[in-house]
1. For region 113-132, name all the residues that are modelled with pLDDT of 85 or more and within 22 Å of the chain's Cα centre (by Cα).
2. Of all the residues that make up region 1-47, how many are of a type in the set (A, V, I, L, M) and either in contact (Cβ under 8 Å) with a residue 60 or more places away in the chain or closer than 30 Å to HIS213 by Cβ (or both)?
3. Tell me the helices (runs of 4 or more DSSP H) entirely within region 193-253 that contain at least 1 residues that are surrounded by fewer than 14 Cβ atoms within 10 Å (Cβ to Cβ) and within 16 Å of the chain's Cα centre (by Cα).
4. Working carefully through the options GLU49, GLU65, find the one that is assigned by TED's automatic domain parsing to the domain that holds THR161, surrounded by fewer than 20 Cβ atoms within 10 Å (Cβ to Cβ) and at pLDDT 80 or above.
5. Could you identify the single residue in LEU200, LEU143, LEU208, LEU98 that is touching a residue at least 60 places away in the same chain (Cβ under 8 Å) and under 30 Å from CYS58 (Cβ atoms)?
6. Looking at VAL17, VAL35, VAL96, VAL30, which one is of a type in the set (A, V, I, L, M), modelled with pLDDT of 80 or more and assigned to a loop (DSSP other than H, G, I, E, B)?
7. Does any residue in region 221-234 that is within 13 Å of PHE258 (Cβ to Cβ) and at pLDDT 85 or above come within less than 6 Å, Cβ to Cβ, of a residue that is assigned to a helix (DSSP H, G or I) and not charged (D, E, K, R) six or more places away or on a different chain, and which pairs are these?
8. Output the number of residues of region 133-161 satisfying the condition of being within 19 Å of the chain's Cα centre (by Cα) and either loosely packed, with under 15 Cβ neighbours inside 10 Å or part of a loop (DSSP other than H, G, I, E, B) (or both).
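The values are calculated or read from the model by the stated rules, or taken from the named source; none is laboratory data. The model shown is predicted, which means the values in this text are computed figures rather than measured ones. Heads up, the Cβs are rebuilt from the backbone with ideal geometry, glycines too, and the neighbour counts pull from every protein chain shown.
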Amino acid sequence: MKIREIALKLEIPKSTVHEIVHDTLGYRKVSARWVPKMLTEDHKLQRVEISQRLLQRCQQDNGDEDTAHIGVRPGGDFEANSNLFDNLITGDETWVHLNTPETKRDSMTWKHPSSPVTKKFKVQRSAAKVMATVFWDAKGVILLDILLQGQCINAARYCSTLDRLKEAIRRKRPELLRRGVVLQHDNATPHSANLTQQWLQRYSWEILPHPAHSPDLAPSDFHFFGPLKRHLGGMTFQTEDDLISELRNWFDNLDVDFFRENPLVLENWKFEILIGCTTYTQIQLMAHQFSSHQVDRNGDWGLDKVRKGPISLL
């Protein structure tokens, strides 16, 4: 019920109702949290099972003891004596617009109480855009592939991108081809198509399992594309070539710490996996144990990602 309805029913002032509800009872008015996909019970079960397998792989390859308290047995059905993160390549796609408006947060400025209120006019993203497919590892970007507007991505186009990725690995990371590539991508249709699976089997690339509708377990989504979009915020490009040139320039100037140490992207990924494997009570206990090194790039605890994250897990 609304404050006005309660006041009319009880025949008391709205101010009195508001004081009782807000100040005495501690209620506050909030909007429903938007989630892109409501997970079914099968989705949730698959997410937990896949997260447990990934966590076991991390523990086996790295001797990780930080996560032993949740009761997942180290080991599993994976190869031994190989470091997962040394062989891991992750990739994903994102739309990039010729005009990306600056976010409200990025436009914040320091203001004196006597200064006039600043105004920001709403700007729409341009319709003109390109799709950037980025593959990267703990050392940096391996391949940037651009899909121009009007073109479509399908299994054949994605296999062509994988051909270019294989050649880029041969030039930049030849040791990966000898040790064996571990590829992490989501289960979008071009990635899971039979043609793509045949290509991956032909070159014996291992594919990490990825649960459906789980962008919070994809490193590109929770670590890589956010800083890219913030960098492009407020910029306007006249041509696609100008935009592509800026993309390549940004990727080329990224420090290696961005990929490995700042903000501990691999640890953040393992923490996201832990979220998928635990109950809410276990997450609360876990947040204290990880507090010394599991603070995300905005200074918020990983626990907030469960409360405010893009997908309802619990």
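1. LYS129, VAL130, MET131, ALA132
2. Residues that pass the stated criteria total 6.
3. 225-232
4. On the way: GLU65 fails: at pLDDT 80 or above.
Result: GLU49 is the single residue among GLU49, GLU65 that is assigned by TED's automatic domain parsing to the domain that holds THR161, surrounded by fewer than 20 Cβ atoms within 10 Å (Cβ to Cβ) and at pLDDT 80 or above.
5. Values: LEU200 fails: touching a residue at least 60 places away in the same chain (Cβ under 8 Å); LEU143 fails: touching a residue at least 60 places away in the same chain (Cβ under 8 Å); LEU98 fails: under 30 Å from CYS58 (Cβ atoms).
Only one candidate passes the filter, namely LEU208.
6. On the way: VAL17 fails: assigned to a loop (DSSP other than H, G, I, E, B); VAL35 fails: modelled with pLDDT of 80 or more; VAL96 fails: assigned to a loop (DSSP other than H, G, I, E, B).
None of the others qualify; the one that does is VAL30.
7. Cβ pairs passing all conditions: HIS231/TRP250.
8. Residues meeting the conditions: 2.
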